[in-house]
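What follows is calculated from the coordinates using simple rules that are stated; it is not laboratory data. Given the structure is predicted, the values throughout are model-derived calculations rather than measurements. Note: ideal-geometry Cβ built from the backbone for every residue, glycine included; neighbour counts use all protein chains shown.
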């Protein structure tokens, strides 16, 4: 993987303890992963003729309906931007907006079968690649990798909160 990392992705090793060097390596790998996720999302969005934020919305809806306000919070967009986004996705028959069965004042946004049919095959290819690349990794190592991703995400959340407080 080192061949994919830029010199900017790592700090000079002479100034780092071995623990700091490992964290620097983790940060470099995370930047590489972020670039590749962004590139993958851009390719999928382009294939579907969607904006990247449209695809992010569809990904958020994968596990069930959300309100427009919840979508705005998760995507960090204004509610006005989400309205335009949902208009685009509804026009493509990727989402439906329906009144909540428990509160008629509330709207719930759901994926349609058309969305699953359009997006599913693209992500199945990605899942197959993941299985191929991680096939030789032990279950214990996969658990460690997953725990590392979770820890990194929590560190990012903490960092974001700190930056927002400044």
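What would the Debye equation give as log₁₀ I(q)/I(0) for the range 106-152 at q = 0.14, 0.20, 0.27, 0.32 Å⁻¹, counting only Cα atoms as equal point scatterers? Debye curve over Cα of the range 106-152, log10 I(q)/I(0) at q = 0.14, 0.20, 0.27, 0.32 Å⁻¹: -0.59, -0.80, -0.93, -1.07.
Applying 0.36 nm per residue to the separation of residue 124 and residue 38 and subtracting their alpha-carbon distance, the gain on full extension is 29.2 nm. In whole angstrom, the range 83-163 maps to an equivalent ellipsoid with semi-axes of 34, 23, 12, each derived as √(5λ) from the alpha carbon gyration tensor and ordered largest first. In terms of the mean number of neighbouring beta-carbon atoms within 10 Å, the peptides 82-90, 68-76, 39-47 order highest first as 82-90, 68-76, 39-47. Full extension of the chain between residue 49 and residue 116 gives 22.6 nm of extra length, using 0.36 nm per residue less the Cα-Cα distance. Classify the chain: rounded, prolate or oblate, from the alpha-carbon gyration tensor (a ≥ b ≥ c, eigenvalue square roots; a/c under 1.5 rounded; otherwise prolate if a/b is larger than b/c)? Because a/c hits 1.5 or more and a/b exceeds b/c, the chain counts as prolate.
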